[in-house]
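Enquirer: Mind having a look at this structure? Questions to follow.
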Amino acid sequence: MAQDSKAAAHAPPLLDLTIDNITPNTIRINSQSSNARLTYLMARLVAHLHDFARETRLSTEEWMAAIEFLIGCGKICSDVRNEFILLSDVLGLSLLVDNINHPKPPGGTEGSVLGPFHTHDAPVLPNGASITSDPEGEPMLAVCTVKDTQGNPIAGVTIDIWETDSSGHYDVQHADRDAPSERCVMVSDDQGRFWFKGLKPVSYPIPHDGPVGKLLQLLNRHCWRPAHVHFMFGKEGWDKLITALYIRGDPYETSDAVFGVKKSLVVDLDKVDKETAKEYGVEEGIWLLKHDFVLTTQEETEKLKDELATEALRKLGLNLKLVDHLLVPDLD
């Protein structure tokens, strides 16, 4: 209480507030933090929110509907479903943030969206293991490598892998889920390889029984994602890569509800030949996914991120500087 009184005593005095001066007043009173990045983020958030309200002449009913929408998103969230991530995905924000923070030099594997169904309970499995318990899906062998931008294998990379079952549902969407399925964690071997038995991916709708689904209906947008498999790569010293591989020819390849598809991530499936079947202990003729993933070092990524940020600042004519690879006001 005493701290609140002290803060009030030192707060900048507010002027007679109007449509025109509420924004600078709000920014001014939010600018008391010693955290320069927080001050900058809040200033720009307030400026854009207020400009949106003024530009659209936002009605009280629309403002209240937005509040209720966000409340609805919170209510439907659970340990295995994040409606706010889904909202970020369908607004294109998730992909934008990933592109800003994890730019790739030529040859590096591009990122994609995490999605709302990654979990932290996937079993660690050895190379060659099966990640699925679904007998209805079409079997698929995935044979992959992890390399650097010079083509050298990277050993000891932790890889999270997850996909839907043959019905287009992730395991956490089933009420009777008692164990993880269609997901695992693997580690690349000394040649940078990892391989597993899974299912041929299928198209599926994102969860559309909540606020985000209703929003898509109002926007006359479909809720479907093209067939894909998720991958997340992590190793100290290397930039974290969250990506996915999308199967070419899917009817939703060019209209993904969450904007995750990039041309470099669209792949063709093949069929396992006799020699490959023998080598990996699978049936001849099942689906085969082969892909070489390319990671970039943390240093490479941070350097490129800073270069792109500096160029963006130059174009915008903003008086900012980079501190720990983040923009803050340049008050010098």
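The values are calculated or read from the model by the stated rules, or taken from the named source; none is laboratory data. Bear in mind that the values here come from a model prediction, so they are computed numbers and not experimental data. Quick reminder, even Gly has a Cβ in these numbers, built from the backbone with ideal geometry, and neighbours come from all protein chains shown.
Enquirer: Filter the range 134-167 down to residues that are small (Gly, Ala, Ser) and under 25 Å from the mean Cα position of the chain (by Cα) and give me whichever is farthest from GLY115 (Cα to Cα).
Expert: Among them, the one singled out is ALA155.
Enquirer: Are there any strands (runs of 3 or more DSSP E) wholly within the range 168-271 with 3 or more residues that are within 18 Å of ALA129 (Cβ to Cβ) and at pLDDT 95 or above, and if so which?
Expert: Working: elements: 183-187, 193-199, 228-234, 241-247.
Counting at least 3 such residues, we get 183-187, 193-199, 228-234.
Enquirer: Restricting to the range 300-332, give me the number of residues that are in a helix (DSSP H, G or I), within 23 Å of the chain's Cα centre (by Cα) and in contact (Cβ under 8 Å) with a residue 12 or more places away in the chain.
Expert: Adding up the residues that qualify gives 8.
Enquirer: Whether any residue in the range 258-275 is without any contact (Cβ under 8 Å) to a residue 40 or more places away in the chain, closer than 22 Å to PRO116 by Cα and not hydrophobic (A, V, I, L, M, F, W, C) is what I want to check. Before you say what the answer is, go through the steps one by one.
Expert: Our first condition is that a residue be without any contact (Cβ under 8 Å) to a residue 40 or more places away in the chain; within the range 258-275, this holds for 263, 266-268, 270-271, 273-275.
Still in the list and also closer than 22 Å to PRO116 by Cα: 266.
When the remaining residues are screened for being not hydrophobic (A, V, I, L, M, F, W, C), the result is none.
Among the residues of the range 258-275, not one is without any contact (Cβ under 8 Å) to a residue 40 or more places away in the chain, closer than 22 Å to PRO116 by Cα and not hydrophobic (A, V, I, L, M, F, W, C), which makes the answer no.
Enquirer: If you don't mind, there's one more thing I want to ask. Which of the residues belonging to the range 184-210 are touching a helix residue (DSSP H, G or I) at 6+ places or on another chain (Cβ under 7 Å) and closer than 29 Å to CYS73 by Cβ?
Expert: ILE206, PRO207, HIS208, GLY210
Enquirer: Are any of the residues in the range 112-133 charged (D, E, K, R), surrounded by 14 or more Cβ atoms within 10 Å (Cβ to Cβ) and either at pLDDT below 95 or within 25 Å of the chain's Cα centre (by Cα) (or both)?
Expert: Looking through the range 112-133, none of the residues is charged (D, E, K, R), surrounded by 14 or more Cβ atoms within 10 Å (Cβ to Cβ) and either at pLDDT below 95 or within 25 Å of the chain's Cα centre (by Cα) (or both).
Enquirer: Does the range 96-105 contain any residue that is within 23 Å of GLY168 (Cβ to Cβ) and touching a residue at least 60 places away in the same chain (Cβ under 8 Å)?
Expert: no
Enquirer: So VAL157 fits all but one of (1) touching a residue at least 24 places away in the same chain (Cβ under 8 Å); (2) closer than 23 Å to TRP224 by Cβ; (3) surrounded by 20 or more Cβ atoms within 10 Å (Cβ to Cβ); what number is the exception?
Expert: For VAL157, the failing item is (2).
Enquirer: Report every pair of residues separated by at least 6 positions or lying on different chains whose Cβ atoms are under 8 Å apart, first residue within the range 40-51 and under 17 Å from ASP330 (Cβ atoms), second outside any helix (DSSP H, G or I).
Expert: Between residues of the range 40-51 that are under 17 Å from ASP330 (Cβ atoms) and residues that are outside any helix (DSSP H, G or I), the close pairs are TYR40/LEU320; TYR40/LEU327; TYR40/VAL328; TYR40/PRO329; ALA43/ASN30; ALA43/SER31.
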